[in-house]
């Protein structure tokens, strides 16, 4: 985590989790007007409540704990909100969006080699996601929609109101910034 105050850092990471792991279509299907930022705010309040517990965790385990808080709050909101679309459609959007809690589950410290690899992968993903969180808003949105949600440049352009060429330029600039920040770890960004 960065040198920001912990609660500010929690909010930044929770916002990035929401952007990266929840399809924009999920909240469009809720009838009560809840937004992604409502879930982030509720999760942030919970993270603030559990700050002492989070602070005791090793630094590499903190994003996993925050993601669990976010995921639980997201499930609460989706489960209790009136729907404008069939629940099966929301489930499909959540599945497509890549909300995979197992991805962030803490790894047992006494685990074997496969679990150690998983811990290293979690740490790598947390560093990449933290670097993505530092991107300017438009760049971050393009990277998240393209790499985390699998949208094409044309779909992103339609969603954001940009031209396809502008989206491509934002994407290229964002990846250049990520390569600079992540160094060797950015080898598989394309």
Next on the checklist: If I filter segment 100-116 for residues that are touching a helix residue (DSSP H, G or I) at 6+ places or on another chain (Cβ under 6 Å) and either over 14 Å from residue 61 (Cβ atoms) or at pLDDT 85 or above (or both), do I get at least one hit?
Outcome noted: yes
Checklist entry - Which residues, taken from segment 143-167, are assigned to a helix (DSSP H, G or I), modelled with pLDDT of 90 or more and buried (at least 16 other Cβ atoms within 10 Å of the Cβ)? => result 153, 156, 157, 166, 167
Next on the checklist: Going by what's in this entry, would residue 26 be described as over 16 Å from the mean Cα position of the chain (by Cα), buried (at least 16 other Cβ atoms within 10 Å of the Cβ) and at pLDDT below 75?
Outcome noted: no
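Each row is one residue, and each column tells you yes or no for (1) under 14 Å from residue 18 (Cα atoms); (2) part of a helix (DSSP H, G or I); (3) modelled with pLDDT of 75 or more; (4) in the same structural domain as residue 22 (by TED's automatic domain parsing).
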site: 42; (1), (2), (3), (4): yes, yes, yes, yes
site: 48; (1), (2), (3), (4): no, yes, yes, yes
site: 55; (1), (2), (3), (4): no, yes, yes, yes
site: 65; (1), (2), (3), (4): no, yes, yes, yes
site: 74; (1), (2), (3), (4): yes, yes, yes, yes
site: 92; (1), (2), (3), (4): no, yes, no, yes
site: 130; (1), (2), (3), (4): yes, yes, yes, yes
Next on the checklist: Report every pair of residues separated by at least 6 positions or lying on different chains whose Cβ atoms are under 6 Å apart, first residue within segment 21-46 and farther than 19 Å from residue 8 by Cβ, second part of a helix (DSSP H, G or I) and modelled with pLDDT of 75 or more.
Outcome noted: 27/36
Checklist entry - Since residue 177 meets every condition but one in (1) at pLDDT below 85; (2) in a helix (DSSP H, G or I); (3) out of contact with any helix residue (DSSP H, G or I) (no Cβ under 6 Å at 6 or more places or on another chain); (4) over 19 Å from residue 23 (Cβ atoms), which condition does it not meet? => result (1)
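The values are calculated or read from the model by the stated rules, or taken from the named source; none is laboratory data. On a predicted model such as this, the values are computed, not experimentally measured, just so you know. Backbone-built Cβ (ideal geometry, glycine too); neighbour counts: all protein chains shown.
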